[in-house]
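Participant: Below you will find the structure I want to go over with you.
The values are calculated or read from the model by the stated rules, or taken from the named source; none is laboratory data. Here the structure is a predicted model, which is why all the values come from computation and not from measurement. Every residue, glycine among them, receives a Cβ derived from its backbone with ideal geometry; neighbour counts consider all protein chains shown.
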Amino acid sequence: MAKTADIDIRGPKVARSDQILTPSAIEFLGRLHKEFEPRRRELLERRAEIQEQILNGQQLPAFPGDTKKIRESDWRVGPLPQDLERRRVEITGPTDRKMVINALNSGADVFMADFEDANTPTWENMIEGQLNLIDAVRRRIDFTSAEGKGYQLNEKTATLLVRPRGWHLVERHLHVGGDPIAGGLFDFGLYAFHNSAELLRRGTGPYFYLPKLESRFEARLWNDVFNFAEAELRLPRGTMKATVLVEVILAAFEMDEILYELREHSIGLNAGRWDYIFSLIKKFRNRSDMLLPDRIQVTMTVPFMRAYTELLVRTCHRRGAQAMGGMAAYIPSRKDPAVNEQALAKVREDKVREATDGFDGTWVAHPDLVPTAMTEFDRILGGKPNQLDRARPDVRVEAAQLLDIRVPGGTITEQGLRTNVSVGIAYLESWLRGTGAAAINNLMEDAATSEISRSQIWQWVRHDARLDGGPKITPDLVRRIETEEIAKIKSLVGPASFANGRWDDAKALFEQVALSDDFVEFLTLPAYQHVD
């Protein structure tokens, strides 16, 4: 058994942290770490080996031959909890207090409280986020703004799901036996320890979203974590439920296997579109024939995205699991009705496509989008809570289709390059100030969208890509555009506000992840060294 003496908490003092970091909770984290850290490291080494094989041309992603029986046999995941049978609209966002209240009150069926891509993992954010969820579960959460406006929970609220960090991230403020604990185990462990019994008492349960999985083996690790935690917390087997985000292209070839590994705990898969695009760029970054055009042109209807989402729906429904659609990241504007309606039309089109394809629900990033998305799913689902009855036997997806990255009419434009530079730097500046979900140009940007921006630039520069009708994309061109775009930002926000930001740090960090010779696996890894 891990003892508190083995655990070193290195974070700064945070108000009420003693309510989270209790001796029993800390001991639970220590047991999780000692039980699962060796396997986590082995799986990260396996990731690196497979990545190297892809870069060297030794292999392409494929449906595993040794799990063919799993894909072809009949089996189903465990039963859905009653409060998750209907998930037509899910809203996502970070765990700050105002966001938690607004999201739970938004009218969405589910709120995914995010400790990962929409969150900067400062120690204060992580501890306060856990406190906010403890208060929300017990319906004692409230908030008063600087202007004096009060926020509290409505009588009816969304069902709460929590997204812990991916396996690649650590929590450097808590060490066990001299090593930092995995960020995912820290986030999961504290939430499960403090809230599982209370959630069950209130007729719900400990429900999770699992990010960045690359294989069935990583799903198996999470399943073993759930089993271990259920035993430690004296919960019935299968109490914990999880939706896996299929946001790495390798995972698209193992969707059946991922559901199978988690089958007692699984409730579905989600099409994590932005990270999925980033993963394709990252996995094939050394191939000049795998260049993507401007990110705005990589829509859900291009061949590889269409194949991936249709396979996801078919796989889920065959196994009795829910298929959740992708993010509508638009932030409605109250200042420009014409621009607003044009954007909302695109949101409606996206949600109609998802509902028509058989998805059981979808994601939005802003409360004002909930009615738009809900209307389109209501129109197609009618009185049904979900579309599990739509098996989609018409869908047949081969490996080549998942790798068909053609984007008809796709081009790399100067505006696309400028957008990548501007958004990449602006997001990192927000992240470094502690805000991991940033409203930029009426879009909610998070780590996933910023990853696309910087990785596209890295790949374009590496392979001497040219702008449509223009020059070759070089580091010098990128740096010139950086200077011009930062000047625009300074003019827009004003000199005083600009001076209070972290723009020099953001620019340096952006160049590190977009222009360095070696590709940085995740921008959050070096960025984490710049926050407390």
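Participant: Show me the helices (runs of 4 or more DSSP H) found entirely inside the range 230-293 where at least 2 residues are buried (at least 21 other Cβ atoms within 10 Å of the Cβ) and among the charged types (D, E, K, R). Quick ask: steps written out before the conclusion?
Facilitator: Details: elements: 249-252, 255-261, 273-283.
Correct list: 255-261, 273-283.
Participant: Another question, then. Give just the number: which of (1) at pLDDT 95 or above; (2) outside any helix (DSSP H, G or I); (3) surrounded by fewer than 23 Cβ atoms within 10 Å (Cβ to Cβ) does Ile91 not satisfy?
Facilitator: The number of the failed condition is (3).
Participant: Within the range 463-473, is there a residue that is crowded, with 16+ Cβ neighbours inside 10 Å and of a type in the set (Asp, Glu)?
Facilitator: No.
Participant: Which numbered condition trips up Thr435, out of (1) within 23 Å of Ser279 (Cα to Cα); (2) among the hydroxyl-bearing types (Ser, Thr, Tyr); (3) in contact with a Ser or Thr (Cβ under 8 Å, 6 or more places away or on another chain)?
Facilitator: So the condition that Thr435 fails would be (1).
Participant: Given the structure, is Ala487 modelled with pLDDT of 95 or more, part of a helix (DSSP H, G or I) and surrounded by fewer than 17 Cβ atoms within 10 Å (Cβ to Cβ)? Steps first, please.
Facilitator: On the way: modelled with pLDDT of 95 or more: yes; part of a helix (DSSP H, G or I): yes; surrounded by fewer than 17 Cβ atoms within 10 Å (Cβ to Cβ): yes.
Yes.
One line per residue, one yes/no per condition, for (1) in a helix (DSSP H, G or I); (2) outside the structural domain of Asp275 (by TED's automatic domain parsing); (3) among the charged types (D, E, K, R); (4) at pLDDT 95 or above:
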{"site": "Met444", "(1), (2), (3), (4)": "no, yes, no, no"}
{"site": "Ala448", "(1), (2), (3), (4)": "yes, yes, no, no"}
{"site": "Asp476", "(1), (2), (3), (4)": "yes, yes, yes, yes"}
{"site": "Arg480", "(1), (2), (3), (4)": "yes, yes, yes, yes"}
{"site": "Leu492", "(1), (2), (3), (4)": "yes, yes, no, no"}
{"site": "Asp504", "(1), (2), (3), (4)": "yes, yes, yes, yes"}
{"site": "Gln512", "(1), (2), (3), (4)": "yes, yes, no, yes"}
{"site": "Pro526", "(1), (2), (3), (4)": "yes, yes, no, yes"}
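Participant: Which residues, counting only those in the range 326-353, are charged (D, E, K, R) and touching a residue at least 40 places away in the same chain (Cβ under 8 Å)?
Facilitator: Scanning the range 326-353 gives Asp350, Arg353.
Participant: Any residue at all in the range 159-182 that is modelled with pLDDT of 95 or more, in a strand (DSSP E or B) and farther than 30 Å from Glu45 by Cα?
Facilitator: yes
Participant: For residues in the range 5-31 being in a helix (DSSP H, G or I) and surrounded by fewer than 14 Cβ atoms within 10 Å (Cβ to Cβ), which is farthest from the chain's Cα centre (by Cα)?
Facilitator: Filtering the range 5-31 down to residues in a helix (DSSP H, G or I) leaves 5-6, 17-19, 23-31.
Narrowing further to those that are surrounded by fewer than 14 Cβ atoms within 10 Å (Cβ to Cβ): 5, 18, 23-24.
Details: Ala5: 34, Asp18: 29, Pro23: 31, Ser24: 30 Å.
Checking each candidate, the answer is Ala5.
Participant: Here's something else I'd like to know. Yes or no: Ala496 under 18 Å from Arg433 (Cα atoms), modelled with pLDDT of 95 or more and either over 30 Å from the mean Cα position of the chain (by Cα) or part of a helix (DSSP H, G or I) (or both)?
Facilitator: Working: under 18 Å from Arg433 (Cα atoms): yes; modelled with pLDDT of 95 or more: no; either over 30 Å from the mean Cα position of the chain (by Cα) or part of a helix (DSSP H, G or I) (or both): yes.
Criteria not met by Ala496.
Participant: Moving on. For Lys34, which of the numbered conditions (1) part of a helix (DSSP H, G or I); (2) touching a strand residue (DSSP E or B) at 6+ places or on another chain (Cβ under 8 Å); (3) buried (at least 18 other Cβ atoms within 10 Å of the Cβ) fails to hold?
Facilitator: Among (1) part of a helix (DSSP H, G or I); (2) touching a strand residue (DSSP E or B) at 6+ places or on another chain (Cβ under 8 Å); (3) buried (at least 18 other Cβ atoms within 10 Å of the Cβ), the lone unmet condition for Lys34 is (3).
Participant: For the range 189-223, name all the residues that are in contact (Cβ under 8 Å) with a residue 60 or more places away in the chain, of a type in the set (Phe, Trp, Tyr) and part of a helix (DSSP H, G or I).
Facilitator: Of everything in the range 189-223, those that are in contact (Cβ under 8 Å) with a residue 60 or more places away in the chain, of a type in the set (Phe, Trp, Tyr) and part of a helix (DSSP H, G or I) turn out to be Tyr191, Phe193, Phe217.
Participant: Sticking with this structure for a sec: Just checking, does the range 424-436 include any residue being at negative phi, β-branched (Val, Ile, Thr) and crowded, with 23+ Cβ neighbours inside 10 Å?
Facilitator: Filtering the range 424-436 for residues at negative phi gives 424-433, 435-436.
This time we only want the ones that are β-branched (Val, Ile, Thr), so: 425, 435.
Right, trim to crowded, with 23+ Cβ neighbours inside 10 Å and you get 425.
Yes, because at least one residue in the range 424-436 is at negative phi, β-branched (Val, Ile, Thr) and crowded, with 23+ Cβ neighbours inside 10 Å.
Participant: Suppose the filter is more than 17 Å from the chain's Cα centre (by Cα) and surrounded by fewer than 20 Cβ atoms within 10 Å (Cβ to Cβ); does Arg306 pass it?
Facilitator: So Arg306 fits the description; yes.
Participant: Tell me, which residue of the range 393-408 that is within 19 Å of His317 (Cα to Cα) and among the acidic types (Asp, Glu) is surrounded by the most Cβ atoms within 10 Å (Cβ to Cβ)?
Facilitator: Going through the range 393-408, the residues within 19 Å of His317 (Cα to Cα) turn out to be 393-398.
Cutting the leftovers down to among the acidic types (Asp, Glu) gives us 394, 398.
Details: Asp394: 7, Glu398: 11.
Of everything passing the filter in the range 393-408, Glu398 is surrounded by the most Cβ atoms within 10 Å (Cβ to Cβ).
Participant: Quick check on my filter: what residues within the range 301-336 are within 26 Å of Leu55 (Cα to Cα) and part of a loop (DSSP other than H, G, I, E, B)?
Facilitator: Once the filter is applied, which keeps residues that are within 26 Å of Leu55 (Cα to Cα) and part of a loop (DSSP other than H, G, I, E, B), the range 301-336 yields only Val302.
Participant: Considering only residues that are in contact with a strand residue (DSSP E or B) (Cβ under 7 Å, 6 or more places away or on another chain) and within 18 Å of Arg314 (Cβ to Cβ), look in the range 355-387 and name the one that is surrounded by the fewest Cβ atoms within 10 Å (Cβ to Cβ).
Facilitator: Asn386
Participant: For the range 130-150, check the following and say yes or no: at least one residue is within 17 Å of the chain's Cα centre (by Cα), surrounded by 18 or more Cβ atoms within 10 Å (Cβ to Cβ) and either in the same structural domain as Arg41 (by TED's automatic domain parsing) or without any contact (Cβ under 8 Å) to a residue 12 or more places away in the chain (or both).
Facilitator: Checked the range 130-150: no residue is within 17 Å of the chain's Cα centre (by Cα), surrounded by 18 or more Cβ atoms within 10 Å (Cβ to Cβ) and either in the same structural domain as Arg41 (by TED's automatic domain parsing) or without any contact (Cβ under 8 Å) to a residue 12 or more places away in the chain (or both).
Participant: Report yes if Val461 is within 28 Å of the chain's Cα centre (by Cα) and either free of Cβ contacts under 8 Å to residues at least 40 places away in the same chain or over 30 Å from His366 (Cα atoms) (or both), otherwise no. Walk me through how you get there before you give the answer.
Facilitator: Values: within 28 Å of the chain's Cα centre (by Cα): yes; either free of Cβ contacts under 8 Å to residues at least 40 places away in the same chain or over 30 Å from His366 (Cα atoms) (or both): yes.
When the stated conditions are applied, Val461 passes them.
Participant: Condition first: under 19 Å from Leu428 (Cα atoms) and touching a Pro at 6+ places or on another chain (Cβ under 9 Å). Now tell me which residues in the range 462-509 satisfy that.
Facilitator: Across the range 462-509, the qualifying residue is only Leu509.
Participant: Within the range 131-148, is even one residue modelled with pLDDT of 95 or more, in a loop (DSSP other than H, G, I, E, B) and among the polar types (S, T, N, Q)?
Facilitator: no
Quick grid of which residues meet (1) hydrophobic (A, V, I, L, M, F, W, C); (2) in contact with a helix residue (DSSP H, G or I) (Cβ under 7 Å, 6 or more places away or on another chain); (3) free of Cβ contacts under 8 Å to residues at least 40 places away in the same chain; (4) surrounded by 21 or more Cβ atoms within 10 Å (Cβ to Cβ):
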residue: Asn105; (1), (2), (3), (4): no, no, no, no
residue: Val110; (1), (2), (3), (4): yes, no, no, yes
residue: Ala113; (1), (2), (3), (4): yes, yes, no, yes
residue: Glu116; (1), (2), (3), (4): no, no, no, yes
residue: Asn119; (1), (2), (3), (4): no, yes, no, yes
residue: Trp123; (1), (2), (3), (4): yes, no, no, no
residue: Thr157; (1), (2), (3), (4): no, yes, no, no
residue: Glu171; (1), (2), (3), (4): no, yes, no, yes
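Participant: Filter the range 409-418 for residues that are assigned to a helix (DSSP H, G or I) and surrounded by fewer than 19 Cβ atoms within 10 Å (Cβ to Cβ) and give the result. Break it down into steps so the answer makes sense when it comes.
Facilitator: Restricting attention to the range 409-418, the residues satisfying the condition of being assigned to a helix (DSSP H, G or I) are 414-418.
If the condition is that a residue be assigned to a helix (DSSP H, G or I) and surrounded by fewer than 19 Cβ atoms within 10 Å (Cβ to Cβ), then Glu414, Gln415, Arg418 are the ones that fit.
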